[in-house]
Amino acid sequence: MTAEMMSLQNLLGKSADADLLREMIGFAAQRLMELEVETLTGAGHGERNPDQRLVHRNGYRDRDWETRAGTVELRIPRLRKGSYLPCFLEPRRMAEKALTAVIQEAYIQGISTRSVDDLVKAMGMTGISKSQVSRLCGEIDGKVSTFLERPLEGDWPYGWLDATYVKVRQDGRIVSVAVIIAVGANTAGRREVLGMTIGASEAETFWTDFLRKLTRRGLRGVKLVISDAHEGLKAGVSKVLNATWQRCRVHFMRNALAHAGKQGRRVVSAFIGTAFAQDDADAARTQWRQVADQIRPRVPKLAVLMDEAETDVLAYMSFPAAHRTKLHSTNPIERLNGEIKRRTEVVGIFPNEEAITRLIGAILLEQNDEWAVQRSRYMTLETVAPMGDDPIVMLSAVAA
């Protein structure tokens, strides 16, 4: 106790306020850890009490703790049996565990890139055994598999589909594979991740198989699917879901402005935007055709593109006005795709497809949990409930 008081007095003698606060936090955290470990071991540090001792210490491990006062360097006690994590530190999130598992697996198999090697060294992963990696992977794979194969209950009027490409090693070669993600909004106004799959390409058979798996898990009541312009996807949606397809408006505008040239992009964008500003579907289509006719003499290719894309780009205008800002593009899942890209670029080359499912599935699981606990609904219950096919839900929404 006297030594602790002397240490505290030394801290109080420091001049810089920030350093003082950081040192005091570190002092309190270290003392709290020692008290917790004393309870777990049954004896204080250096005490010899074989009758009451439960487990022995095994040194320390260093870890930085980010606080509002700055970075605090901790020396976390280790145990010979079991593990210890201080009560004020949160365990790693699922996605972080998955990223660690994938990097470890790649490192053990000797196929990691230089950036992964550097990251492995920075994370202190030297001496990782295959059994440790298998144990960590098994823990994550079970949770991810349960999440991706869970039954889908209720009606899902809206769905967003998007793809991203990652590199994986197959039979000694490095190839790019498509990772498809499906997100939906149900009649309760909640957004959820519906599923994920991996394929060699985005052919019609691939999309059809993926959508059929979703329907077998319970996906029903789909009225509108939003995605980029993929003919295979469009055919699969029509064949399996019998739903309307909405071409992402943002992607279309990029294609359209490519025909306008640098000088005319701002004018063309403003012209086409007048169609999106209309109040109903009929007015939007009328304005769309007028704009196409106006630019036809000067930019015929753009006019032809507008003629072909009119139905698909304006499909969302036939749905409730309260939902249109979220239906005209794939923007609602762009943030999710950005997070996936950020994590997968760290890995670089995946050792196998199971590793892809492990990491991206964990990210999707975390995002789904965050959406589930949000207080506000993605769409109001009064506006989205009538979109379902369940007459009981529709009547209750109308009554409300």
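The values are calculated or read from the model by the stated rules, or taken from the named source; none is laboratory data. Predicted model only: the values in this text are computed from it and were never measured. For neighbour counting, all protein chains shown are included, and Cβ atoms are generated from backbone atoms with ideal geometry for every residue, glycine included. For the accessible areas, the whole protein counts, side chains as well, though only heavy atoms, and no ligand, DNA or RNA atoms are used. Shrake-Rupley method; radii C 1.70, N 1.55, O 1.52, S 1.80 Å.
Non-local amide H neighbours of Val166 (under 5 Å, H modeled in plane, Pro and chain starts lacking H): which ones?
Here the answer is Val177, Val179, since their amide H atoms fall under 5 Å of that of Val166.
Taking all protein chains in place and a 1.4 Å probe, what share, in percent, of the accessible surface of region 286-338 do carbon and sulfur account for?
After summing per-atom areas, the C and S share lands at 50 percent.
Run the numbers on region 227-307 and let me know its relative contact order in percent, using alpha-carbon pairs under 8 Å that are six or more apart.
It comes to 21 percent, rounded to a whole number.
Calculate one ³J(HN,Hα) per residue across region 197-202 by plugging θ = phi - 60° into the Karplus curve 6.51 cos²θ - 1.76 cosθ + 1.60, and present them in order as whole Hz with x for glycine and proline.
After applying 6.51 cos²θ - 1.76 cosθ + 1.60, I find 8, 10, x, 6, 7, 10 Hz.
Taking the dipole about the Cα centre of region 251-335, with the C-beta of Lys and Arg at +1 and of Asp and Glu at -1, give me whichever of Val268, His323, Gln287 is farthest to the positive side.
Value computed over the given set: Val268.
Hand me the trypsin sites (Lys or Arg not before Pro) from region 218-304 located in a DSSP loop with no more than 11 other Cβ atoms within 10 Å, in residue order please.
Arg298
Could you give the accessible area per residue of region 138-204, probe 1.4 Å, as a whole number in Å²?
38 Å²
Taking θ = phi - 60°, what integer Hz values does the Karplus form 6.51 cos²θ - 1.76 cosθ + 1.60 yield along region 29-36, in sequence order, with x for Gly and Pro?
5, 5, 5, 5, 5, 5, 5, 5
Students often get this wrong, so check it: of Lys223/Lys262; Lys239/Lys301; Lys81/Lys213; Lys234/Lys341; Lys81/Lys341; Lys262/Lys341, which have C-alpha atoms separated by over 32 Å?
Lys223/Lys262; Lys81/Lys213; Lys81/Lys341
Could you list which residues have their amide H under 5 Å from that of Gly218, counting only those 5 or more apart in sequence or on another chain, with H placed in the peptide plane?
So Gly218 has HN proximity to Leu152.
Give me D for region 204-337 in µm² s⁻¹, whole number, from Stokes-Einstein with Rh from the Kirkwood sum over alpha-carbon pairs, 37 °C and 0.692 mPa s.
Answer from the Stokes-Einstein relation: 206 µm²/s.
Give the long-range amide H neighbours of Gln246: residues separated by 5 or more places, or on another chain, with amide H under 5 Å away, using H modelled in the peptide plane at 1.01 Å from N.
So Gln246 has HN proximity to Val225, Ile226, Ser227.
Would you kindly give the portion of the calculated P(r) for region 242-321 that falls above 15 Å, as a percent of all Cα pairs?
53 percent
Would you please report the Å³ per residue occupied by the convex hull of the alpha carbon atoms in region 279-322?
59 Å³
Can you bin region 168-275 into rounded, prolate or oblate? Criterion: square roots of the alpha carbon gyration tensor eigenvalues sorted a ≥ b ≥ c, rounded for a/c under 1.5, prolate for a/b above b/c, oblate for the rest.
Oblate, since a/c reaches 1.5 and b/c is not below a/b.
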